[in-house]
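Remarks on the structure that follows.
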Amino acid sequence: MFLHRRAAQALERAAAPQTERVAGQLFDHYLAAGEPIRAADYAEQAAAQALAVGSFVEAASYARRAIDGRLGLGLATQIEGKHAHHLVS
């Protein structure tokens, strides 16, 4: 867990201010680090990024992960992704 958190933090610093480019990797690291809220935030970003480039299957997958992560924490209403509601049913 500790190493994944450190990897995510280093990746955030390296990619700033354009973390959306590595949002999928950040999602994976924060999920493995036991930080589901941050993981869900990055899953949203990864979904939006995938949608922007036309990768609809990947976008839907990340949107579902963001929603699932927030549902598990009772935070589903806090999803801020502008496109997530279009991706999952």
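Things worth noting here:
- Options Arg38, Arg6, Arg21; residue that is closer than 14 Å to Arg65 by Cα, without any contact (Cβ under 8 Å) to a residue 40 or more places away in the chain and either out of contact with any Asp or Glu (no Cβ under 9 Å at 6 or more places or on another chain) or not in a helix (DSSP H, G or I) (or both): Arg38
The rows are residues; the columns are (1) surrounded by fewer than 16 Cβ atoms within 10 Å (Cβ to Cβ); (2) among the basic types (Lys, Arg); (3) touching a His at 6+ places or on another chain (Cβ under 6 Å); (4) at pLDDT 95 or above.
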| site | (1), (2), (3), (4) |
| --- | --- |
| Arg21 | yes, yes, no, no |
| Leu26 | no, no, no, yes |
| Leu31 | no, no, no, no |
| Ile67 | no, no, no, no |
| Ile79 | no, no, no, no |
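- Matching residues, region 23-42, being under 13 Å from Tyr62 (Cα atoms) and not hydroxyl-bearing (Ser, Thr, Tyr): Ala23, Gly24, Gln25, Leu26, Phe27, Asp28, Leu31, Ala39, Ala40, Asp41
- Total residues in region 33-57, condition aromatic (Phe, Trp, Tyr) and surrounded by fewer than 22 Cβ atoms within 10 Å (Cβ to Cβ): 1
The values are calculated or read from the model by the stated rules, or taken from the named source; none is laboratory data. All figures in this text were calculated on a predicted structure; none of them were measured in a lab. Because the Cβ atoms are built from the backbone with ideal geometry, glycine has one as well, and the counts that use them run over all protein chains shown.
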